[in-house]
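S.K.: Dropping the structure in here first, questions after.
Read-outs: derived from the displayed coordinates by stated rules, not from any lab. Nothing here was measured: the structure is a model prediction, and the numbers come from that model. With ideal geometry, Cβ positions are generated from the backbone for all residues, glycine too; neighbour counts draw on all protein chains shown.
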């Protein structure tokens, strides 16, 4: 019965189970389809995001700018409210220990791990950076095409995503769900949560990612959706023009709204030559 069910699912997806490629072959095709720059050639990354962030029952329209340098993990994040331009935050880290944030008076404040009052801000910056690096692994597949990941097929045959109902579903998953099926790969890296990638047949683009809980590997924690994909003229990379994130599977209009945490339009630029001052502004009147 189990084999019969698998065969029927494969036939519905338009590809017999016996013809399903291996996990590594599927992933390599996804990387190639993106037109990837090798990971070693990605020196710095800027992500400019316009969209909505939900905190509790409150939805905020924001602009968020991330900057990241691969060689030393220098990191910068700016968040500004579209509704209240004066409401903004700015923080980051230069190198291993150069933590800082901009104070309410607009000055740059050095943060020190030996100062208890600074620890909460330092932990926030570290989490922001970890979260950003996690997102990069989904958006820039070259960052996980380094031989350090374990890959395996989560299902023997491709699947359909008829139940999912994220924002911009028609652009992400297609108007006719039965016309698009997905290879499903599990990707594991030491010390990082497992990712389940849904790679669209034909285009080999990653349209959905499930992130599992690091502490409880059986628990699905976050659901990401990407699309449509557009080619960046400068790098020739195919990148998502829209993405959305949920803390539960969106299956109807109510859960699409209630479970959504982030949605909007990202713009990614690579290797613009970011310098130290781009990760920690220097001011004469530092506190």
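S.K.: Please give the residues of region 31-72, grouped as numeric ranges, whose backbone N is less than 13 Å from a label point set 7 Å along the Cα-to-Cβ vector of residue 189.
M.R.: Hits in region 31-72 for residue 189 at 13 Å: 39-40, 70.
S.K.: Report, to the nearest 10°, how far helix 2-12 tilts away from the longest principal axis of the Cα atoms in the chain, using its own Cα long axis and a range of 0 to 90°.
M.R.: 80
S.K.: A further question follows. Starting from 0.36 nm per residue, how many nanometres of slack lie between residue 96 and residue 247 once their C-alpha separation is accounted for?
M.R.: Length gained between residue 96 and residue 247: 51.3 nm.
S.K.: Here is a further query. Please work out whether region 37-181 counts as rounded, prolate or oblate from its C-alpha gyration tensor, where a ≥ b ≥ c are the square roots of the eigenvalues and a/c under 1.5 means rounded, while otherwise a/b larger than b/c means prolate and anything else oblate?
M.R.: Note, shape of region 37-181 comes out oblate.
S.K.: At what distance in angstrom do the alpha carbon centres of region 237-273 and region 165-209 lie from each other?
M.R.: 13
S.K.: With the Cα gyration tensor of region 20-279 giving a ≥ b ≥ c as the square roots of its eigenvalues, does the rule (a/c under 1.5 for rounded; else a/b larger than b/c for prolate; else oblate) give rounded, prolate or oblate? Please report the intermediate quantities before stating the final value.
M.R.: On the way: a/c = 1.77, a/b = 1.46, b/c = 1.21.
Judged from the Cα gyration tensor, region 20-279 comes out prolate (a/c at least 1.5, a/b above b/c).
S.K.: Sticking with this structure for a sec: In what sequence do 231, 90 fall when counting other Cβ within 10 Å, fewest first? Display every interim value, and only then the final one.
M.R.: On the way: 231 12, 90 17.
The fewest-first ordering by Cβ neighbours comes to 231, 90.
S.K.: On to the next question. Given the Cα-Cα distance of residue 132 and residue 25 and 0.36 nm per residue of separation, how much length would full extension add, in nm?
M.R.: 35.8 nm
S.K.: Mean residue ellipticity at 222 nm from the helices of the chain, using -39,500 (n - 2.57) per DSSP H segment of n ≥ 4 over the full residue count, to the nearest 500 deg cm²/dmol?
M.R.: Value at 222 nm, helices only: -6500 deg cm²/dmol.
S.K.: May I pose another question? Tell me whether region 217-287 comes out rounded, prolate or oblate; compute the Cα gyration tensor, take square roots of the eigenvalues as a ≥ b ≥ c, and use a/c under 1.5 as the rounded threshold.
M.R.: It is oblate, given that a/c is not under 1.5 and a/b is not larger than b/c.
S.K.: Taking the Cα-to-Cβ direction at residue 265 and at residue 152 and moving 7 Å from each Cα, how far apart do the two end points lie in nm?
M.R.: With each label point 7 Å from Cα toward Cβ, the separation is 4.2 nm.
S.K.: Given a cut-off of under 8 Å on Cα pairs at least six residues apart, what relative contact order in percent is computed for region 99-165?
M.R.: RCO, region 99-165: 14 percent.
S.K.: Turning to a different aspect of this structure: Can you give me the angle between helix 116-139 and the longest principal axis of the chain, using Cα atoms only, in degrees from 0 to 90, rounded to the nearest 10?
M.R.: 30
S.K.: Then there's this: State, to one decimal in nm, how far the label point of residue 275 lies from the label point of residue 84, with both points 7 Å from Cα in the Cβ direction.
M.R.: Once both label points are built, they end up 3.5 nm from each other.
S.K.: Based on the mean of other beta carbon atoms within 10 Å per residue, what is the order of 240-246, 270-276, 60-66, most packed first?
M.R.: Answer by packing, highest mean first, reads 240-246, 60-66, 270-276.
S.K.: Can you tell me, using C-alpha contacts under 8 Å and at least 6 residues apart, the relative contact order of region 243-286 as a whole percent?
M.R.: 32
S.K.: I need to check one value: relative contact order of the chain, counting alpha carbon pairs closer than 8 Å and at least 6 residues apart, in percent.
M.R.: Averaging sequence separation for qualifying contacts and normalising by length gives 21 percent for the chain.
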